[in-house]
Amino acid sequence: KQGIVDSASNIRFRSNLNRLYFDGNLDFFNRLSISANVNAEGSSNFGPKGRWALYGGADLLFDLLDRSKPNQLALRAAVGRTGNNDVRGYYQDNLYYAISYFGYGGVYLGNVANELIKPEFTNAIDAGIRISLFRRRLDIDAGYYHRTTKNLITFRNYPIELGIDPQFENSGTISASGIELSVTGRIIDNSKITWSVYGSLSTLKNTVD
């Protein structure tokens, strides 16, 4: 239970979050490592048709050389799905607001329930190679990544004559891909002092639909 939180619009509301999480790790022949997880998540921030979602992922690391050797060469890969449920407000419900009308108290419909609203989903893949040289004093990691976020939670304004406040809805897709390169060098590494230098370079191709 998340309890009562303050929204971006300074309105207090209550939300609940339930999560079931499972993970596991396997190692084969001291060469192949696999870790995986599954996460079932339900949030009251969404309507009944989009409340529960399933996430998960897996990481794989294959050592081409014996792990006890001073130099290393390994292949890595990862795939996963994450979600964003940070929708602060009762946008899945009909909301009525108090109003003063010519000295009399009344209410008006400020929000029409969106029972279809659901979390954003991000699917990601990542693959690359890791190299360790000079008795593990120089580490190089190079790889490719691709991420796609679907069901973007966007803010939609309605014509003012409808008398309805802006609403959240799922609309649009963002894709990001590129190449990443990182290098770490341990210039000094002994029992008294350690000095490391790190650098990284990445590219990004971003598309919005």
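Descriptive notes on the structure:
- Options [x] 83, 39, 31; [y] 58, 35, 30; [z] 50, 39, 36 - which one matches Cα extents along the principal axes in Å as calculated here: [x]
- Solvent-accessible area per residue, Å², over the chain with all protein chains present [probe radius 1.4 Å]: 67
- Cα centroid separation, segment 23-70 to segment 120-169 (Å): 18
- Dividing the mean sequence gap of close Cα pairs (under 8 Å, 6+ apart) by how many residues the chain holds gives a relative contact order of 14 percent.
- Taking amide hydrogens as placed 1.01 Å from N in the peptide plane, the amide H of Asp93 sits under 5 Å from those of Asn114, each at least 5 positions away in sequence or on another chain.
- Longest site-free stretch - the chain; sites: chymotrypsin sites (Phe, Trp or Tyr not before Pro), DSSP loop, at most 15 other Cβ within 10 Å: 135-209
- The chain - percent of accessible surface contributed by carbon and sulfur, probe 1.4 Å: 58
- Percent breakdown of C-alpha pair distances by 5 Å bin, ordered from the shortest bin, for segment 98-209: 2, 9, 12, 11, 9, 9, 8, 7, 7, 6, 5, 4, 4, 3, 2, 1, 0
The values are calculated or read from the model by the stated rules, or taken from the named source; none is laboratory data. Keep in mind the model is a prediction, meaning the values are calculated, not measured. Reconstructed Cβ throughout: ideal geometry from the backbone, glycine too, with neighbour counts over all protein chains shown. Accessible surface is based on the protein model in full, side chains and every heavy atom, while ligands, DNA and RNA are left aside. Shrake-Rupley method; radii C 1.70, N 1.55, O 1.52, S 1.80 Å.
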